[in-house]
Amino acid sequence: MTDSPSKEYISMARLIAFFCSGFLALLSTGELQTQTQHDFTVCGSSVANECSVHMCAANIGISHPDIVVETNTLSSVPPPDITYTLSIPDRTISSGLLSALQLEAIIYACQQHEVILQNGQRAGFLIGDGAGVGKGRTVAGIILENFLKGRKRALFSVSNDLKYDAERDLKDINAPDIPVFALNKIKYGDTATSEGVLFATYSALIGESQAGGQHRTRLKQILDWCKPSFDGVIVFDECHKAKNATSTKMGKAVLDLQSKLPRARVVYASATGASEPKNMIYMSRLGIWGQGTPFKAFDDFLHAIEKRGVGAMEIVAMDMKVSGMYIARQLSFSGVSFRIEEITLDEQFKLVYNKAARLWAEALELFTRAADTLGLASRKSLWGQFWSSHQRFFKYLCIAGKVRRLVELAHTEMQHGKCIVIGLQSTGEARTREVLDENDGHLDRFVSAAESISDSAEVMLCVFSAKLEELKLRLLGRIAELGKELPLNTLDELIDRFGGPEKVSEMTGRKGRVVRRPDGSVRYETRAEQGMNIDHVNIREKERFMTGEKLIAIISEAASSGISLQADKRVQNRRRRVHMTLELPWSADRAIQQFGRTHRSNQVTAPEYIFLISELAGERRFASIVAKRLESLGALTHGDRRATESRDLSQYNFENKVGAYSPLSKGMIDVGIFCKEPRLGLNTEKDCTITKFLNRILGLEVYQQNSLFQYFTDNFEYLINKDKKEGKYDMGILDLAPGNDEIHEETQEKFLTPGNPQEGQVILYKISVDRGMNWKEACSKAEKLTGDYEGFYLSNKVHDTLTSDNKSCFLCLSSKCQITSHL
């Protein structure tokens, strides 16, 4: 039985109550306090990491070609009943051009669009389907449905590369008669197009004409085309592009568009659109905050959610599904294999790395002395530039150390009849352009991305006094000397090692690259081909990979949205994709986009993922997390925080006493983690973050950072285990009684949330859970035990159960300890 039931019962009841719409009201009143999720521990509960196969609520259409799943927390709540009737022709449905899965999303989106919020605006819908499920066709289906209902105009906001995919999707669902226009091809003063789909990139939304006139901005031109009474569809595809809406012109334009067209049918479509609560600011049509809701403004909603942690985010996603404003499915990862390839760094690389670490430590000391000498009052800009350069330098260095092994693995996989996709986040083009400018457009050598340290140092040092000139010159001399030993730009080196651009499909955002000529010389060349716009190059390179003309593809963040590289049944190149990741993305947004390029619907074989990690501190842990939890990235994205554990790192501050180990203590000072002298006004929460710690320790010498990170990991795991034992660990939403446990409902009470006498019903359940096994089964197990310390143990703790005061009896095994009975 459980311990004293009060806290557990209340916490469990509240979690169950979250299924009701009263959850958001409870959050706004502050009745649900942060500690409830930390105190929540129910005997017999377990966290299920797997997803459930998604069952379509709409009994219409042909099944999706691949197995689609939904996280357990989302699948535990039902969507609303379907009341909407589709107008899409039967031939489109019966032919399977739109699968049952896609039709379900279309129906719920159109049904939600019938709702008018209390502020007078039409409700919007969020499609959170994972990469590869077919968001493109779903959106095309929504446009077609509204076109058939007489709403002949639609605005489709997409990124540059996705316009062609969107046109293809409309044709694929038998809607070729819907005219399509690109905003950037229309003059500012022209609004002649009467109907059809207007494509506008997010950057185009903030476009302005220098000539003046009536239509000086693209936004005004769009509003004039739509008219104030516009009730057609506005689609924000890959809508995470508009995140941080209050701080960017693009985000403000997205909000402005929605507020000035109150009757528009808004659709947000992105697998990562809500990966962070703060990025939901542009989703004003969901009706979660604003007039008639528990939250007056978005900031109130954000504060309430962030105050209560990730557990609250899970419930927001569940509440959104119940309310009919959200749907999120993802491809099953059955058949996908994950592998972590650990790379041992050679001694020469370690020597260069350690030399670089010592040089940065010397630079830190010089910068500090210079700032003190000059009496700089504000040093924020100085240190911002310094640590930014520091982080980028060691990031490039870490990546470069894995190139040789990646090339070996790629050749081995291709010999086994597979093809290769390599994922990078950055291209190093900025450094290449700098060298080009320095040499008047001429370049006869490969460039090192990490070498930009010299430029950063020179820029930051140029303001210092003549008194420090000698130290400055000495440091710059050492930087130049180190630059000769630094590895080459990773992207250029990879292409060169694989045989040049003729063998590799490059899908990145850079405009040019450094290549080796047949005679062995090196030159810089543009990526644009004759008669082809640079914007079309990535699309052409994708075609070459999919036809099998090239068997190696390299993609960067710029090509991580919308491009399909899976072993599609409809293309010539059906080899199994081996997706290798040199550089782990910084955020869930980027990870889900890049991994989704090779795992999509209608594929012959599922991809194989290989994460290449070095022996440097930190990479191993993060790679393991990504590999184990790739099925569902992010709490809000798919309503299940348990799908990724990387957030756990941010819940602990790492403070320890390592001063006794003097070399390590000096190293911590060298990377700015320890201070030589006490600092006043230091905010522990703000200034001592896990992210900063993990970034800075890369600047330690190899043996120091590995020793320190091992110490950190040991403490981290100890704290987690300690919290679990004390019942303070946030386990998320738990599945009760997955095994032999027994649950007994004791009582239930109903409550109505303030201000909602008819709706928002909350039910408080009091339950008891018995996770013990019967005495006969326990005795049978005990007879088979042979270990010296195995057997029955009686706890010292007395359990105040509902019937009497009892002690727990444990049957302890050598590998685990399991509660067997209560005496």
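We did not get these values from a lab; they are worked out from the coordinates using the rules stated. Not measured: the values here are computed from a predicted model. Neighbour counts run over all protein chains shown; Cβ positions are idealised from the backbone, glycine included.
Tabulate in residue order the Karplus-calculated ³J(HN,Hα) for segment 164-169, using 6.51 cos²θ - 1.76 cosθ + 1.60 with θ = phi - 60°, rounded to whole Hz; enter x for Gly and Pro.
Calculated HN-Hα couplings, in order: 5, 5, 5, 4, 4, 4 Hz.
Taking 0.36 nm per residue of separation and subtracting the Cα-Cα distance, what length does fully extending residue 373 through residue 195 add? It would help to have the intermediate numbers written out before the result.
Details: separation 178, 0.36 × 178 = 64.08 nm, distance 6.73 nm.
This chain segment gains 57.3 nm when fully extended.
Show the residues, 5+ positions off or on another chain, whose built amide H is closer than 5 Å to the amide H of residue 340.
Answer set, sorted by chain and number: 611.
Binning at 10 Å from 0, report for segment 96-197 what percent of all alpha-carbon pair distances ends up in each bin.
Binned Cα distances yield the sequence 13, 43, 34, 10, 0.
Quickly rank 782-789, 366-373 as a protection proxy: mean count of other C-beta atoms within 10 Å, highest first. The partial results should precede the final answer.
Working: 782-789: 9.5, 366-373: 16.0.
Packing proxy ranking, top to bottom: 366-373, 782-789.
Three principal axis extents, largest first, for the C-alpha atoms of segment 52-331, in Å?
The Cα atoms of segment 52-331 stretch 56, 49, 32 Å along the principal axes, largest first.
Step through the table entries 252/542; 252/321; 750/776; 135/252; 692/724, compare each Cα-Cα distance with 31 Å, and write down the pairs that go over it.
On the way: 252/542 33 Å; 252/321 27 Å; 750/776 40 Å; 135/252 25 Å; 692/724 26 Å.
In this structure, 252/542; 750/776 exceed 31 Å between Cα atoms.
Rg to Rh for segment 257-363: what is it, with Cα atoms only and Rh by Kirkwood?
Values: Rg = 22.9 Å, Rh = 18.5 Å.
Rg/Rh: 1.24.
At a 10 angstrom cut-off on C-beta neighbours, averaged per residue, how do the peptides 501-513, 484-496 rank from highest to lowest?
Working: 501-513: 18.6, 484-496: 20.3.
Packing proxy ranking, top to bottom: 484-496, 501-513.
With the cut-off at 18 Å, tell me which of the pairs 171/227; 152/227; 227/260 have Cα atoms farther apart than that. It would help to have the intermediate numbers written out before the result.
Values: 171/227 27 Å; 152/227 13 Å; 227/260 10 Å.
Exceeds cut-off: 171/227.
So who's got an amide H within less than 5 Å of the one on residue 512, skipping anything under 5 residues away but keeping other chains? H placed 1.01 Å off N, in plane.
527
For residue 354, what is the net charge nearby, where nearby means another residue's Cβ is under 11 Å from its Cβ and Lys, Arg count +1, Asp, Glu -1?
On the way: positive: 350, 355, 358; negative: 347, 701.
Summing Lys and Arg as +1 and Asp and Glu as -1 gives +1.
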